[in-house]
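Have a look at the structure below before the remarks.
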Amino acid sequence: MSERHALTRRIRRWLVFFIVCLVLSGITAFPLVTELRWAEDLLSASASPVPEHIPGLMEWITRVREGLDTIERDTPFMLYGTDWLAFAHLVIAVAFYGPYRDPVRNIWVIEFGMIACAGIIPLALICGPIRDIPFWWSVIDMSFGVFGVIPLLIVRRMIKRLEALEHAPSSENPVPASA
């Protein structure tokens with residue numbers, strides 16, 4: 001197996017991982033109300049240490065669940081926003097098919113994803129306090145950008161190596177000395 005082929009396979013594996021994470025993140029935004037009810041039930045179960053050791057988390061989960069229950073009961077159309085959030089994740093995941101097919105030509109998608117990951121941090125720091133989000137929850141939100149950029153940095157570095165291999169003279173097609 002050539003180095004170029006091996007590198008392309010590694011790039012594709014990382015991209016599949018990233019795409020799967022985006023899709024999972026997206027589809028979990030559709031049943032948000034149900035998921036939050038499950039999370040609250042799980043965290044408040046008798047075997048859970050959360051209410052005793054992390055009461056702030058339990059209070060926050062209960063507050064968010066009560067808010068979503070109110071929205072679902074009184075103004076369910078507001079949940080349409082989370083449907084669009086989910087859809088956006090799915091659409092962005094589709095965009096990463098371009099680098100999967102042709103990594104060098106579509107490196108811009110990787111760079112776009114890196115910019116998006118970086119943008120999560122100011123969004124959380126600015127909008128979190130405006131929306132009365134606890135700082136520790138904003139830190140969790142920011143971690144998605146931090147952890148999301150890691151595979152993209154790895155992929156970008158590999159694509160740059162692949163690009164260099166494609167432009168380097170190969171032993172299969174030697175460049176004539178006069179060229």
Log entry, pairs with first residue in region 15-42 being within 20 Å of L68 (Cβ to Cβ), second being part of a helix (DSSP H, G or I) and of a type in the set (G, A, S), beta carbons closer than 6 Å, six or more apart or on different chains, reads G26/A86; A29/A86; F30/A86
Here, helices (runs of 4 or more DSSP H) confined to region 50-125 with at least 1 residues that are touching a residue at least 40 places away in the same chain (Cβ under 8 Å) are 55-74, 80-95, 97-101
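Which of the following residues is open to solvent by 80 Å² or more (accessible area, probe 1.4 Å) and within 20 Å of I140 (Cα to Cα): L24, L68?
L24
This table checks each residue for (1) farther than 20 Å from T28 by Cα; (2) modelled with pLDDT under 95; (3) in contact with a Gly (Cβ under 9 Å, 6 or more places away or on another chain).
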site: W84; (1), (2), (3): no, no, no
site: Y97; (1), (2), (3): yes, no, no
site: W108; (1), (2), (3): yes, no, yes
site: I115; (1), (2), (3): yes, no, no
site: I126; (1), (2), (3): yes, no, no
Those residues of region 27-43 that are charged (D, E, K, R), open to solvent by less than 60 Å² (accessible area, probe 1.4 Å) and farther than 19 Å from H89 by Cα come to a total of 1
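The values are calculated or read from the model by the stated rules, or taken from the named source; none is laboratory data. Here the structure is a predicted model, which means the values were calculated and not measured. All Cβ positions, glycine included, derive from the backbone under ideal geometry; neighbour counts span all protein chains shown. All accessible areas refer to the heavy atoms of the entire protein, side chains included, with ligands and DNA or RNA removed. Shrake-Rupley method; radii C 1.70, N 1.55, O 1.52, S 1.80 Å.
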